[in-house]
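First comes the structure, then the notes that go with it.
The values are calculated or read from the model by the stated rules, or taken from the named source; none is laboratory data. Worth saying up front: this structure is predicted, and the values here are computed from it rather than measured. FYI the Cβ positions are ideal-geometry reconstructions off the backbone, even for glycines, and counts take in every protein chain you see.
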Amino acid sequence: MSEIATTSWPAIAHTPKTPVKARIAKAIMRPAVDRLPVHLSFPDGSAWGAGNAGDPEMHLVRPAAFFSRLGTDTKIGFGEAYMAGDWTAGPGTDLAELLTPFAERMATLVPRPLQRLRRLVDDKLPHHERNSIHGSRTNIERHYDLSNDLFAQFLDPTMSYSSAWFAAGDDDLEMAQIRKIDAILDYAEVGEGTRVLEIGSGWGALAIRAAKRGAKVTTITISHEQAALAKDRFVEEEVDVDLQLIDYREVRGKFDAIVSVEMVEAVGEEYWPTYFATIDRLLAPGGKVSIQAITMAHHRYLATRNSYGWIQKYIFPGGLIPSLDAINNSLAEHTTLEMTAQRSLGKHYAKTLHQWRDNFNGNWPAINVQGFDETFRRMWEFYLAYCEAGFATGYLNVHQVQIARPAEMGA
């Protein structure tokens, strides 16, 4: 493995020296792993786990470093240890398949008495990652402004960075993304002459699709990189779209349809009331709202809402995944709106992420020459596999949701 750049990855380049915490982590992990259908192998040939032949293998390359990281920060250390190369998937083992048994038992891996101590290890969101108008721009830049060329190496030609919707027996990612976009637009009843607001432009695929229906489209983003490419694509597709580099809180006007795909997770719980109240303010009489949101079960949301984990530290700063109940509560308490329809696409997200990871790994040489190093590769490989396992097991879900004012339904 190549040397880890200290300046780029300070937490990864230095292994914490915490022998007592490492012993505690080892003592907790062994009985947990011994209940899982996996092999946890050590350099000396010994192994833990209840796995049989053909079950996934997790190989500890540097056991002492792995348990030190895990003991130092139980929520972040596991992923950091993968980034550092302290552990890896064994020969013939797919990383997502290895993570799946852990995801299936996420709520019970830690003994119940120790779960009561969660509040002692939960870290609140760092102040600089709060999703104020300034904080949101900084958080978005850290992920979406990495490089348009990076995302182009693993996304489909629509450049859609959200769950697709596959037809039965069809693995075509591009068509599945178009199907997802059309379903969002249908929920919002977008057609000829519809005044549409899209919150979160991405790279422009939904705005293009809406404009081709004859809609009058306004799309907003706070990502300069995405905006630049989206504008180029609008020209190429010969569509008239008003793209504005502003925060959702700064939008003015009235719209017949408001759409937003996997944006609410980036808003942060503190600002959900503002987000939904803004949508309520901007929605014209008789209008419809359609959002796509990553979700989790309400009891898991309640248990994790104050946690600061690996995904937030390295992938989506400021993010928090809601439950459908949390969305409904925000609507009820802060708007005149309510959820009127919803559909689940969780298994489709697992399939989407698997294709993204295959593309990412297959195109790594082209990504590497852009200046992204081996630690970055392992970070993104872990991120994509970790999320795939979450959706495959149902620990995570994704919903398309239609929202409207109930008094106007059927009017």
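In this structure, GLY85 does not qualify as without any contact (Cβ under 8 Å) to a residue 12 or more places away in the chain, of a type outside the set (A, V, I, L, M) and surrounded by fewer than 19 Cβ atoms within 10 Å (Cβ to Cβ). Given the residues GLU381, GLU333, GLU388, which is the only one that is of a type in the set (Asp, Glu) and touching a Pro at 6+ places or on another chain (Cβ under 8 Å)? GLU333 is the lone residue from the list that is of a type in the set (Asp, Glu) and touching a Pro at 6+ places or on another chain (Cβ under 8 Å).
Evaluated against (1) surrounded by fewer than 18 Cβ atoms within 10 Å (Cβ to Cβ); (2) touching a helix residue (DSSP H, G or I) at 6+ places or on another chain (Cβ under 6 Å); (3) touching a residue at least 40 places away in the same chain (Cβ under 8 Å), PRO19 falls short on exactly one condition, (2). Highlighted here are the helices (runs of 4 or more DSSP H) found entirely within segment 237-314 that include at least 2 residues which are among the β-branched types (Val, Ile, Thr): 264-267, 272-282.
So which of LYS180, LYS231, LYS254 is touching a residue at least 60 places away in the same chain (Cβ under 8 Å) and on the phi < 0 side of the Ramachandran plot?
Working: LYS231 fails: touching a residue at least 60 places away in the same chain (Cβ under 8 Å); LYS254 fails: touching a residue at least 60 places away in the same chain (Cβ under 8 Å).
LYS180 is the lone residue from the list that is touching a residue at least 60 places away in the same chain (Cβ under 8 Å) and on the phi < 0 side of the Ramachandran plot.
Residues in segment 187-210 that are in contact with a strand residue (DSSP E or B) (Cβ under 8 Å, 6 or more places away or on another chain), under 25 Å from LEU173 (Cα atoms) and not in a loop (DSSP other than H, G, I, E, B): TYR187, GLU198, ILE199, LEU206, ALA207, ILE208, ALA210.
Looking at THR6, THR72, THR88, can you tell me which residue is of a type in the set (S, T, N, Q) and touching a strand residue (DSSP E or B) at 6+ places or on another chain (Cβ under 7 Å)?
Values: THR6 fails: touching a strand residue (DSSP E or B) at 6+ places or on another chain (Cβ under 7 Å); THR72 fails: touching a strand residue (DSSP E or B) at 6+ places or on another chain (Cβ under 7 Å).
None of the other options fit; the residue is THR88.
Residues in segment 379-411 that are surrounded by fewer than 21 Cβ atoms within 10 Å (Cβ to Cβ) and among the charged types (D, E, K, R) were compared, and the one that is nearest to ALA152 (Cα to Cα) is GLU381. Filtered by the rule that a residue be in a helix (DSSP H, G or I) and of a type outside the set (Asp, Glu), segment 165-186 gives LEU173, MET175, ALA176, GLN177, ILE178, ARG179, LYS180, ILE181, ALA183, ILE184, LEU185.
Assess whether SER8 counts as being part of a helix (DSSP H, G or I), touching a helix residue (DSSP H, G or I) at 6+ places or on another chain (Cβ under 8 Å), of a type in the set (S, T, N, Q) and closer than 20 Å to TRP310 by Cβ.
Numbers: part of a helix (DSSP H, G or I): no; touching a helix residue (DSSP H, G or I) at 6+ places or on another chain (Cβ under 8 Å): yes; of a type in the set (S, T, N, Q): yes; closer than 20 Å to TRP310 by Cβ: yes.
No: the conditions fail for SER8.
Would you check if GLU225 is modelled with pLDDT under 95, in the same structural domain as GLY253 (by TED's automatic domain parsing) and assigned to a helix (DSSP H, G or I)? Yes: the conditions hold for GLU225.
Results for (1) modelled with pLDDT of 95 or more; (2) among the small types (Gly, Ala, Ser); (3) farther than 18 Å from SER162 by Cα, shown as yes or no for each residue.
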position	(1), (2), (3)
GLY204	yes, yes, no
LYS216	yes, no, yes
THR221	yes, no, no
LYS231	yes, no, yes
ASP242	yes, no, yes
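When segment 275-302 is filtered for residues that are over 18 Å from the mean Cα position of the chain (by Cα) and crowded, with 16+ Cβ neighbours inside 10 Å, the ones remaining, listed by number, are TYR275, PHE276, ALA277, THR278, ILE279, ASP280, LEU282, LEU283, GLY287, LYS288, VAL289, SER290. Just one of the listed residues (PHE391, PHE372, PHE382) is modelled with pLDDT under 95, touching a helix residue (DSSP H, G or I) at 6+ places or on another chain (Cβ under 9 Å) and at negative phi, namely PHE372. When residues in segment 360-371 are screened for being touching a residue at least 24 places away in the same chain (Cβ under 8 Å) and buried (at least 17 other Cβ atoms within 10 Å of the Cβ), 2 of them pass.
Scan segment 32-52 for residues that are touching a residue at least 12 places away in the same chain (Cβ under 8 Å) and not in a loop (DSSP other than H, G, I, E, B) and the total you get is 6.
For the subset of segment 310-335 comprising residues that are touching a helix residue (DSSP H, G or I) at 6+ places or on another chain (Cβ under 6 Å) and of a type in the set (Val, Ile, Thr), which member is modelled with the highest pLDDT? Taking the candidates together, the pick is THR335.
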